[in-house]
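The values are calculated or read from the model by the stated rules, or taken from the named source; none is laboratory data. Only a predicted model underlies this, so the values are computations on that prediction, with no experimental measurement involved. Cβ: placed from backbone, ideal geometry, glycine included. Neighbour counts: every protein chain shown. Ligands, DNA and RNA are excluded from the accessible area calculation, which covers all protein heavy atoms including side chains. Shrake-Rupley method; radii C 1.70, N 1.55, O 1.52, S 1.80 Å.
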Amino acid sequence: DVVERYKARLVIKEYSQKKGIDYEETFSPVARYSSIRLLLALAVKHDLDIDQMDVVTAFFQSELNEDIYMQFPEGFQSQNGKVCKLKKSLYGLKQASRCWNEKLNKTLIEFGMNQSKTDPCIYYYVEGEIRVYIVDDILIFSDNPSMKMNIKTFSMSNFKMKDIGNASFILGMKITRD
């Protein structure tokens, strides 16, 4: 196998964060397995396409609500004891996934999607014969190619993303279509 690329990730030391100072809330919802199975059943029943997108470094694309300062990473030369003030969320912050969820939620609602009342990670748009469902880790279930393309274009204009195309693997489930 050929290595396509190497990755490195800067992770902050979350253990030094203090509630009420560095963060208020950390909860971020996760899509229920049963909700995804229900959407897969709807995809079969209504012959919906299932597309997958990947948000590149999702946490970096969300803004922080708090002032967070970080020492420079080991090996990086800082002058006169200066520190970094974070403007964006970093992996390792206690509130990182919440910040990302809030940003994605705001963006999908701005597009015109409705958030499910029973699973906050599921978004939907149903009008007449058009059905679109989105799972927050960016699975798009749709029976309308132009609406699906509009969602992808809108999402890519708001976030750095990769369009993976037809979903073939979701949470350990292999998807095959005929």
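Computed values, structure above
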item: Only listed residue being over 30 Å from residue 165 (Cα atoms), open to solvent by 100 Å² or more (accessible area, probe 1.4 Å) and charged (D, E, K, R), chosen from 94, 87; result: 87
item: In the stretch 151-177, residue least open to solvent (accessible area, probe 1.4 Å) [restricted to those that are among the polar types (S, T, N, Q) and in contact with a strand residue (DSSP E or B) (Cβ under 9 Å, 6 or more places away or on another chain)]; result: 155
item: Boolean, residue 36 is in contact (Cβ under 8 Å) with a residue 40 or more places away in the chain, β-branched (Val, Ile, Thr) and not in a strand (DSSP E or B); result: yes
item: Qualifying residue in the stretch 26-37 (condition: surrounded by fewer than 18 Cβ atoms within 10 Å (Cβ to Cβ) and either acidic (Asp, Glu) or over 21 Å from residue 115 (Cα atoms) (or both)); result: no
item: Of residues in the stretch 106-145 being of a type in the set (Gly, Ala, Ser) and open to solvent by less than 50 Å² (accessible area, probe 1.4 Å), the one farthest from residue 63 (Cα to Cα); result: 142
item: Those residues of the stretch 14-25 which are touching a Lys or Arg at 6+ places or on another chain (Cβ under 9 Å) and open to solvent by less than 60 Å² (accessible area, probe 1.4 Å), in sequence order; result: 17, 22, 23
item: Pair list, Cβ < 6 Å and 6+ apart or interchain, from the stretch 158-178 residues that are of a type in the set (Ser, Thr, Tyr) to residues that are at pLDDT below 95; result: 168/175
item: Qualifying residue in the stretch 109-116 (condition: in a helix (DSSP H, G or I) and closer than 24 Å to residue 37 by Cα); result: yes
